[in-house]
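The values are calculated or read from the model by the stated rules, or taken from the named source; none is laboratory data. As the structure is a prediction and not an experimental result, all values here were calculated from the model. Methodologically, a virtual Cβ is constructed for each residue, glycine included, from the backbone with ideal geometry; neighbour enumeration extends over all protein chains shown. Heads up: the accessible areas ignore ligands, DNA and RNA and are worked out on the full protein's heavy atoms, side chains in. Shrake-Rupley method; radii C 1.70, N 1.55, O 1.52, S 1.80 Å.
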Amino acid sequence: IRVAAAAAPRPVHGRPEARTVRRRRRARARAVRRETMLRKEDTPIQVLRNPAVSGAASEHGVACVATIDYQGKRLVATGTTDGVLRVLDGATGKSWFHEQAHEAKIGGVAFERDPKSAHDLKIVTCANDSRSLVFDVDSGEEVSSMSYHQGAVLCMAAGTVARASLVDAGGRRLLATGSNDATAKLWSLSADNLCLRSYEGHTAAVTSVNFAGEANHEVLITTSMD
């Protein structure tokens, strides 16, 4: 019987250090790739870090945001979980207006401007209190309330139409909304609470709406949880 002594394990020299070196090399390579990608962009990338804007816009839980360039300023609109609508100067944080617009969470905000008018700027909201509202940005006044949904309004989209029957009834600029009540509705942006169409067919919440098509052949596309 021959008994061989077990070979002593080989000491591992430098493995942790080697892993550290490899990690550093990969990190440097990623940094180089990012810098190269940024240099290829035609437009410089700016990251806005303005404590005044952040603090003013985020006093409560912010559920949605929209931005627009208007009269030489970058405006920022936010809607909060407690129904507050704010419009701020994105550079200074100065408030344009502050409104307890809804009784529940605001799920969407969007600036709305007639392409033919440079000064008629509005902001549209949709919320869990079953309403969509339209405010004049300059005065802060509510100019329209859309309140025929029977559930939370989950989505909205503004569009321009050319179909004569719709233009005659509500103007060229319309708003589409989708709701937890499984319907989508079409509203005039030129009148108060004027619902032009109500679309049924879904069996669950309508989660998004969008205008598509060409002049006089417009369609409204909807998606749903069904």
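Here are some notes:
- Residue match in segment 170-187 (condition: of a type in the set (Ser, Thr, Tyr), at negative phi and open to solvent by 20 Å² or more (accessible area, probe 1.4 Å)): no
- Of all the numbered requirements in (1) more than 25 Å from LEU88 (Cβ to Cβ); (2) open to solvent by less than 50 Å² (accessible area, probe 1.4 Å), ALA164 misses one, and that requirement is (2).
- Of residues in segment 88-100 being among the small types (Gly, Ala, Ser) and open to solvent by 10 Å² or more (accessible area, probe 1.4 Å), the one nearest to CYS126 (Cα to Cα): SER95
- When residues of segment 100-129 are limited to those that are over 18 Å from the mean Cα position of the chain (by Cα) and farther than 18 Å from ALA157 by Cβ, the one modelled with the lowest pLDDT: ALA118
- Any hit, segment 134-154, residues being outside any strand (DSSP E or B), crowded, with 20+ Cβ neighbours inside 10 Å and without any contact (Cβ under 8 Å) to a residue 60 or more places away in the chain: yes
- Residue check, SER190 of a type in the set (Gly, Ala, Ser), out of contact with any His (no Cβ under 8 Å at 6 or more places or on another chain), within 30 Å of GLY61 (Cα to Cα) and surrounded by fewer than 19 Cβ atoms within 10 Å (Cβ to Cβ): no
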